[in-house]
């Protein structure tokens, strides 16, 4: 029996990627999809790349009708919109994977600080699991609610996890420079993402107050077993998809490049979507485009004595929909790579 999947918020970029990837999943089938903007129309009206691969009419959303006969629901909604739906889905004993931000931050006051909203159902925060499989795989196996990580946090946490878990670096001297493609801003057009503005341009934004900081610091602090504070500067660059993070840290013990390589190899030994690179093959967004891989290269700079970690992901796949399917696989006891063994599209 295939896993019966429903998608709420199917018309966005992440909704489209969920469908694109699930079409070829041998143990899952998209049975229902819905959104506000495409009710009554075939999903290929908004995702024309899927024509000939699937035919699915988006139904008007009535939660009881929608949830009938489903095994899992993916929510691809803006922050603040998921929590009430998650509560209803959870009460009907259907597994739910939220690609939004509502269950990533575990302390309601922190959620309010970063998202300027009161959490709609804080009682469920302890029931949810942060869905980064390389770190929380055992908890995900038993989860009924999975909070799919943000795209920037995925690239950052995976890059730093071995160093913080092994207390290699100063946990309060972390400088993160991340660059993202325009799809990370979502499908709704803004002045910032308007073609004449973003084309041939690159700029920093939300310096010091990006919402993902709370999520990143929470997870890094758990790894370090002490409070971690980061300097994070995101940039928007004129490419469709991809994130490249360059992270600068200071070791607190003697270390060599050989030590770093061994540390990362051992930490990610059983993580099929982590690919370790080196100084001659530093991560590039082109190499992960369309795939669920995270490419990481930890580099020891002998001249300065610092460590620089580079990571690259596709923000719509490992940074969103691919990781969500990876979580689904784990929740249902499947091989976590099922339906996701896709090489990057290159060139």
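The numbers here are math on the coordinates, done by the rules we state, and not lab data. Owing to the predicted nature of the structure, the values given are computational and were not obtained by experimental measurement. Positions of Cβ are backbone-derived with ideal geometry, glycine not excepted, and every protein chain shown enters the neighbour counts.
Using helices alone, what [θ] at 222 nm do you get for the chain, with -39,500 (n - 2.57) per DSSP H run of 4 or more residues, divided over all residues and rounded to the nearest 500?
Working: 11 runs with 100 residues, N = 347.
It comes out at -8000 deg cm²/dmol, rounded to the nearest 500.
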Folded to 0 to 90 degrees: helix 257-267 orientation relative to the chain principal axis, Cα: 30
Bins of 10 Å from zero: percent of alpha-carbon pairs in the chain: 5, 26, 35, 24, 8, 1, 0
Distance histogram in 10 Å bins (all Cα pairs of region 241-327, percent per bin): 18, 46, 29, 8, 0
Between region 321-347 and region 98-141, the Cα center-to-center distance that results, in Å: 21
Value of Rg/Rh across region 152-315 [Cα atoms, Kirkwood radius]: 0.97
Cα-based Rg / Dmax (Å) for region 289-347: 15.0, 48
Stokes-Einstein D (µm²/s) once Rh is taken as the Kirkwood radius of region 81-131 over alpha-carbon pairs, at 25 °C in 0.890 mPa s: 221
Region 152-315 - share of DSSP beta bridges that are antiparallel (%, nearest 5): 70
Rough spin-label spacing in nm, given labels placed 7 Å along Cα→Cβ, for residue 205 and residue 338: 3.8
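Starting from the Cα gyration tensor of region 127-181, multiply each eigenvalue by 5, take the square root, and state the resulting semi-axes largest first in whole Å. List each step's numbers first, then the result.
Values: eigenvalues 110, 49, 13 Å².
They are 23, 16, 8 Å, listed largest first.
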